[in-house]
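These notes concern the structure reproduced below.
The values are calculated or read from the model by the stated rules, or taken from the named source; none is laboratory data. Quick caveat: nothing in here was measured; it's all calculated off a predicted structure. Note that we place each Cβ from the backbone using ideal geometry, even for glycine, and neighbour counts take in every protein chain shown. Ligands, DNA and RNA are excluded from the accessible area calculation, which covers all protein heavy atoms including side chains. Shrake-Rupley method; radii C 1.70, N 1.55, O 1.52, S 1.80 Å.
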Amino acid sequence: MATVLAPAAGPVRAAEEPAPSPLARAAAGLELRSIGPAVMGGRIADIEIDPRDRSVWYLAVGSGGVWKTENAGVTWRPIFDDQPSYSIGCVTLDPADPDVVWVGTGENVSGRHVGWGSGVYKSLDGGGSWQAMGLATSEHIGDIVVHPDDGDVVWVAAEGPLWAAGGERGLYKTTDGGESWRRVLEIDDDTGVTDIELDPRDPDVLYAAAYQRRRHIWSFLAGGAGSGIYKSTDGGESWRRLARGLPEGDMGKIGLAVSPANPDVVYATIEADEKERGFYRSRDRGESWTKGDSYISNGTGPHYYQEIVASPHDVDRVYQMDVFLHTTSDGGESFEVLGTGREKHSDNHALWIDPADPKHLLAGTDAGLYESFDHGAKWRHFPNLPISQFYKLAVDDAEPFYNVLGGAQDLGTLFGPSRTTNVEGVRNQDWYVPMGADGYDSAFDPHEPDLMYVQWQGGRLHRYDRKSEEALDIRPQPLPGDPPERFNWDSPMAVSAHVPGRIYYGSQRLWRSDDRGDSWTAVSDDLTRDTNRYELEMMGRVWSVDALYDNGAMSLYSTITTISESPLVAELLYVGTDDGLVQVSENGGADWRRVELPGVPERSFLNDIEASLHDADTVYAVVDAHKFGDYRPLVFESNDRGRSWRSIAGDLPEREIVWAFAQDHVDPDLLFVGAEYGVHVSRDGGKSWHKLAGAPTIPFR
């Protein structure tokens with residue numbers, strides 16, 4: 001959700017409390033408030049329904065905590081906002097006592113912008129209070145299964161860290177309600193478990209899907225020899241790998257389902273090479289398998305979906321999560337798209353089938369929750385969940401209330417007011433969507449207030465006129481004979497403070513337009529390392545190009561990711577790249593000086609670079625190394641136009657990466673950073689930082 005700063009009265013302080021620091025007193029007057037929107041929803045990772053009361057629902061939100069309704073979605077409340085993690089992989093109810101709720105943090109997708117978690121949490125009172133139950137270094141939880149007769153017995157599928165080896169990875173079991181855990185299935189340091197299925201007739205029979213994967217900035221290797229299907233017949237104490245009829249080569253993500261209608265039938269959707277990938281069925285509890293249709297989840301890659309749900313009503317009916325919901329009515333021999341009209345968003349991640357009515361479905365998508373009563377022919381949306389995942393924001397100078405332009409994950413670019421005169425405040429109807437797909441960097445034209453610059457993924461830049469609602473594609477194009485342009489999935493832009501109509505845009509080169517995008521001039525050559533991603537190591541070695549790289553899931557590499565023009569010197573330009581470089585030009589792009597920042601991993605991602613509003617020689621840089629498993633906050637200042645740098649991370653939390661930087665336009669020592677778990681402010685130029693209040697645990701990008 002979008003947030004803004006607003007003055008707030010400070011709390012009354014008891015006499016015996018220590019006096020707050022001057023920084024804390026100053027920050028107490030600023031409190032974040034929500035301005036929505038809820039009109040578009042956000043990514044749903046999992047759905048659980050209380051079997052005692054079908055109007056009580058729990059939603060695990062990929063980037064927004066856990067939400068609960070007690071009236072079938074008429075109203076919702078967040079129940080996980082005060083916990084350390086916002087990224088949720090799954091939510092599970094104890095079948096014997098549904099007031100006991102388990103939450104696995106860290107999304108079970110492997111996307112370029114995925115958050116990570118801090119383990120497993122448990123509530124004994126329907127989400128009223130929570131206790132951390134361990135597995136803190138698992139980072140991504142794929143599934144949690146509770147024994148149907150003994151709530152103290154729980155199995156957890158821990159995918160493990162996405163960006164590095166090790167961590168708590170594999171299948172874990174507790175027999176004391178989470179007080180202690182044993183890893184009962186361990187494959188290797190690069191392979192975790194993404195799915196668990198229980199035989200409903202015999203809880204000693206379990207199936208587990210192992211998943212080997214690694215993502216870095218440059219690539220996503222979506223499989224390997226460690227991936228496979230395992231079975232236990234003693235409650236998970238011992239396991240054996242299943243092989244008969246399954247792919248012989250490397251596998252990627254695997255989704256499993258045991259048919260509730262006939263638990264002898266087990267289904268699997270398997271990512272593999274073109275010959276072996278597809279849908280598999282076993283009629284003998286996993287002992288042998290036959291391949292059906294070659295369909296696997298598609299879109300931005302199987303890693304983002306590749307989950308299946310078997311119908312409790314029909315043994316041959318299975319649903320597969322994908323861009324569009326797919327279903328088979330013949331046990332996997334063929335698939336069709338489940339009716340998805342224009343009233344329903346794409347990108348499906350979770351599905352609940354009413355055990356009393358096969359036509360009643362709940363679907364969790366990138367745009368929130370949908371419900372159908374006619375088996376997917378028609379859907380209704382729940383527009384009351386403010387869980388949109390915003391990447392970049394811009395504001396204009398409108399009065400009395402300025403407007404906000406934001407790019408959101410799979411929800412396009414959204415435009416709305418910071419305030420209204422309505423007694424309800426900012427409402428869904430006050431927002432509208434000028435551009436679809438994924439929304440990223442955007443800007444208002446300061447000289448033409450009705451013009452906005454918006455884009456969707458891969459650098460598709462548009463100029464949008466609010467009066468005519470015309471959107472023109474203005475992405476710069478290479479000249480004949482030039483190499484192809486490499487635009488980042490989230491391409492950067494900057495509007496000049498000096499020349500009306502001048503904008504900058506980045507591929508591997510820096511582009512400038514002086515006519516609002518009607519024509520472009522490249523003002524640099526390639527400013528990146530220009531590296532072939534397939535020559536870089538993944539999981540300790542360089543892999544063949546025929547390995548299970550998920551090419552659709554990867555942004556182009558060696559690209560510009562951030563641009564800043566000095567507001568004080570028109571010819572002073574800075575860019576940062578996704579492969580660890582800062583480039584400086586003091587003559588409008590005619591010459592460039594290459595800089596590598598000190599004390600950070602090579603090829604770290606430049607999240608933000610900002611020229612000072614007050615000093616022509618000062619510039620700030622925000623570096624991101626979390627895709628190497630390094631979660632330190634990395635914030636730097638240079639007072640000599642990038643020739644030398646010093647850290648101003650100060651006392652920011654140790655494991656809180658920083659996404660964005662801003663300097664106050666009046667006080668040069670008043671600095672703000674948007675970070676993984678909040679907004680922090682410094683009044684002393686970065687020596688000390690204080691977290692602003694009023695927001696749930698969410699990232700500020």
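Values as computed for the structure displayed
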{"item": "Sole residue being touching a strand residue (DSSP E or B) at 6+ places or on another chain (Cβ under 8 Å), of a type in the set (S, T, N, Q), under 25 Å from Asp293 (Cβ atoms) and surrounded by fewer than 16 Cβ atoms within 10 Å (Cβ to Cβ), chosen from Ser372, Ser334", "result": "Ser334"}
{"item": "Filtered residue count, region 95-107, keeping only those that are out of contact with any Phe, Trp or Tyr (no Cβ under 6 Å at 6 or more places or on another chain), assigned to a loop (DSSP other than H, G, I, E, B) and open to solvent by less than 10 Å² (accessible area, probe 1.4 Å)", "result": "1"}
{"item": "Matching residues in region 504-524 - criterion: being part of a loop (DSSP other than H, G, I, E, B) and in contact (Cβ under 8 Å) with a residue 40 or more places away in the chain", "result": "Ser507, Gln508, Arg509, Arg516, Gly517, Asp518, Trp520, Val523, Ser524"}
{"item": "Tally of residues being of a type in the set (Asp, Glu), open to solvent by less than 30 Å² (accessible area, probe 1.4 Å) and within 29 Å of the chain's Cα centre (by Cα) across region 175-206", "result": "1"}
{"item": "Hits in region 443-464 - residues which are loosely packed, with under 15 Cβ neighbours inside 10 Å and either in contact (Cβ under 8 Å) with a residue 24 or more places away in the chain or over 15 Å from Val404 (Cα atoms) (or both)", "result": "Pro446, His447, Glu448, Pro449"}
{"item": "Residue in region 431-450 that is closer than 22 Å to Ser63 by Cα and touching a helix residue (DSSP H, G or I) at 6+ places or on another chain (Cβ under 8 Å) present", "result": "no"}
{"item": "Residues located in region 367-381, provided they are more than 21 Å from the chain's Cα centre (by Cα) and assigned to a strand (DSSP E or B)", "result": "Glu371, Ser372, Arg380, His381"}
{"item": "Residues satisfying the stated conditions in region 668-683, i.e. closer than 23 Å to Ser21 by Cα and open to solvent by less than 50 Å² (accessible area, probe 1.4 Å)", "result": "Leu670, Leu671, Phe672, Val673, Gly674, Ala675, Tyr677, Gly678, Val679, His680, Val681, Ser682"}
{"item": "Residues within region 44-70 that are assigned to a loop (DSSP other than H, G, I, E, B) and open to solvent by less than 20 Å² (accessible area, probe 1.4 Å), tallied", "result": "5"}
{"item": "Failed condition for Ala408, given (1) without any contact (Cβ under 8 Å) to a residue 60 or more places away in the chain; (2) under 23 Å from Arg342 (Cβ atoms)", "result": "(1)"}
{"item": "First in region 380-399 and without any contact (Cβ under 8 Å) to a residue 40 or more places away in the chain, second anywhere and surrounded by 20 or more Cβ atoms within 10 Å (Cβ to Cβ), Cβ under 7 Å, 6 or more apart", "result": "Arg380/Tyr370"}
{"item": "Verdict on Gly115 being small (Gly, Ala, Ser), over 27 Å from Asp189 (Cβ atoms) and either in contact with a strand residue (DSSP E or B) (Cβ under 7 Å, 6 or more places away or on another chain) or open to solvent by less than 10 Å² (accessible area, probe 1.4 Å) (or both)", "result": "no"}
{"item": "Yes/no for Pro601 being touching a helix residue (DSSP H, G or I) at 6+ places or on another chain (Cβ under 6 Å), open to solvent by 20 Å² or more (accessible area, probe 1.4 Å), assigned to a loop (DSSP other than H, G, I, E, B) and not β-branched (Val, Ile, Thr)", "result": "yes"}
{"item": "Residues within region 465-503 that are under 28 Å from the mean Cα position of the chain (by Cα) and touching a residue at least 60 places away in the same chain (Cβ under 8 Å), tallied", "result": "9"}
{"item": "Hits in region 299-337 - residues which are in contact (Cβ under 8 Å) with a residue 40 or more places away in the chain and more than 25 Å from Ala356 (Cα to Cα)", "result": "Gly299, Thr300, Gly301, Pro302, His303, Tyr304, Tyr305, Gln306, Glu333, Ser334"}
{"item": "Residues located in region 183-228, provided they are acidic (Asp, Glu) and under 16 Å from Arg285 (Cβ atoms)", "result": "Glu197, Asp199, Asp202, Asp204"}
{"item": "Where a residue in region 645-656 is without any contact (Cβ under 8 Å) to a residue 40 or more places away in the chain and its partner, wherever it lies, is of a type in the set (Ser, Thr, Tyr) and part of a loop (DSSP other than H, G, I, E, B), with Cβ under 7 Å and at least six apart", "result": "Gly650/Ser688; Asp651/Ser688; Arg655/Tyr631; Glu656/Tyr677"}
{"item": "Unique residue being closer than 22 Å to Arg112 by Cβ, of a type in the set (Gly, Ala, Ser) and out of contact with any Cys (no Cβ under 7 Å at 6 or more places or on another chain) when the list is Gly501, Gly517, Gly436, Gly481", "result": "Gly436"}
{"item": "Set Val323, Val309: member being assigned to a loop (DSSP other than H, G, I, E, B) and open to solvent by 10 Å² or more (accessible area, probe 1.4 Å)", "result": "Val323"}
{"item": "Matching residues in region 472-528 - criterion: being among the aromatic types (Phe, Trp, Tyr) and either within 21 Å of Asp450 (Cα to Cα) or open to solvent by 20 Å² or more (accessible area, probe 1.4 Å) (or both)", "result": "Trp489, Tyr504, Tyr505, Trp520"}
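Quick grid of which residues meet (1) open to solvent by 60 Å² or more (accessible area, probe 1.4 Å); (2) under 24 Å from the mean Cα position of the chain (by Cα); (3) closer than 30 Å to Ile296 by Cα; (4) modelled with pLDDT under 95:
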| residue | (1), (2), (3), (4) |
| --- | --- |
| Val545 | yes, no, yes, yes |
| Asp550 | no, yes, yes, yes |
| Val569 | no, no, no, no |
| Asp579 | no, yes, no, no |
| Gln583 | no, no, no, no |
| Asp591 | yes, no, no, no |
